[in-house]
Amino acid sequence: MKLIVLDRDGVINHDSDDYIKNPDEWQPIEGSLEAIARLNHGGYTVVIASNQSGLARGYFGVEALTAMHKKMDDLLAKIGGRIDAVFYCPHGPDDACDCRKPKPGMLLAIGQRFNVPLKEVVFVGDSISDINTANHAHAKAMLVRTGKGVRAEKILQSENKTSVPVYDDLASAVTAILQ
């Protein structure tokens, strides 16, 4: 099985410091949904791993999160794409859970559910937290410059961590993956 894991906010859809709280605020980044469809057509199982601390903070409920994911699924279905599973951490940063990135709990759960060794899995993110999650889980990290990616790239450069591949957006990362 070819499995790829994507962060959501900042990779698939535009992010906001004020959180994405409802389907109207959930807006795909240009080319991201088409990139997911290309992964599907390339034989990849596509899974999302996303921190959703807005739930713990009371900014939105599970119903709103479900509605955002339904919007994403509906838009993907129109272009022949799909998300095979969504994993999310509903906890806040002080909740001491094992699933909140940069801890590897979500990726470990994904690897277990799909019975895939994480060393064979690419995790595409837009933050240092995503890169650290991939490293902690022994997955392959990729960074995109959308969302918080430009800031994360500068941090990686300042720490001399140049082994992480960096792409302009999900579409260009997927082009590299499929080559």
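The values are calculated or read from the model by the stated rules, or taken from the named source; none is laboratory data. These numbers come from a predicted model, not from an experiment. Methodologically, a virtual Cβ is constructed for each residue, glycine included, from the backbone with ideal geometry; neighbour enumeration extends over all protein chains shown.
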Query raised in the report: When the range 49-78 is examined, which residues are found to be of a type in the set (A, V, I, L, M), under 17 Å from the mean Cα position of the chain (by Cα) and more than 13 Å from LEU33 (Cα to Cα)?
Result: ALA49, LEU65, MET68
Report task. For LYS148, state whether it is within 20 Å of ASP17 (Cα to Cα), modelled with pLDDT of 95 or more and surrounded by fewer than 18 Cβ atoms within 10 Å (Cβ to Cβ). Result -> no
Query raised in the report: Which condition number does ASP94 fail, the rest of (1) within 17 Å of the chain's Cα centre (by Cα); (2) assigned to a loop (DSSP other than H, G, I, E, B); (3) surrounded by fewer than 20 Cβ atoms within 10 Å (Cβ to Cβ) being met?
Result: (1)
Query - Among (1) farther than 27 Å from GLU30 by Cβ; (2) among the hydrophobic types (A, V, I, L, M, F, W, C); (3) not in a helix (DSSP H, G or I) - the single one ILE83 does not satisfy - result: (1)
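Can you tell me how many residues within the range 102-138 are within 13 Å of LEU6 (Cβ to Cβ) and either more than 13 Å from the chain's Cα centre (by Cα) or modelled with pLDDT under 95 (or both)? First the steps, then the outcome.
From the range 102-138, those within 13 Å of LEU6 (Cβ to Cβ) are 106-107, 110, 121-127, 130, 133-134; that's our starting set.
If we keep only those that are either more than 13 Å from the chain's Cα centre (by Cα) or modelled with pLDDT under 95 (or both) as well, we get none.
The qualifying residues number 0.
Residues ALA152, ALA109: which one is under 28 Å from ARG57 (Cβ atoms), of a type outside the set (Ser, Thr, Tyr) and in contact with a helix residue (DSSP H, G or I) (Cβ under 8 Å, 6 or more places away or on another chain)? Give the steps one after another, and end with the answer.
Details: ALA109 fails: in contact with a helix residue (DSSP H, G or I) (Cβ under 8 Å, 6 or more places away or on another chain).
Of the residues listed, the single one that is under 28 Å from ARG57 (Cβ atoms), of a type outside the set (Ser, Thr, Tyr) and in contact with a helix residue (DSSP H, G or I) (Cβ under 8 Å, 6 or more places away or on another chain) is ALA152.
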Query raised in the report: Does GLY125 satisfy the criteria of being free of Cβ contacts under 8 Å to residues at least 24 places away in the same chain, under 15 Å from VAL47 (Cα atoms) and in contact with an Asp or Glu (Cβ under 6 Å, 6 or more places away or on another chain)?
Result: no
Query raised in the report: Does the range 158-175 contain at least one residue that is of a type in the set (S, T, N, Q) and touching a Pro at 6+ places or on another chain (Cβ under 9 Å)?
Result: no
Report task. Go through the range 17-73 and give me each residue that's without any contact (Cβ under 8 Å) to a residue 40 or more places away in the chain, buried (at least 22 other Cβ atoms within 10 Å of the Cβ) and in a helix (DSSP H, G or I). Result -> LEU65
Query - Test: VAL150 is without any contact (Cβ under 8 Å) to a residue 24 or more places away in the chain, of a type in the set (A, V, I, L, M) and part of a helix (DSSP H, G or I) - result: yes
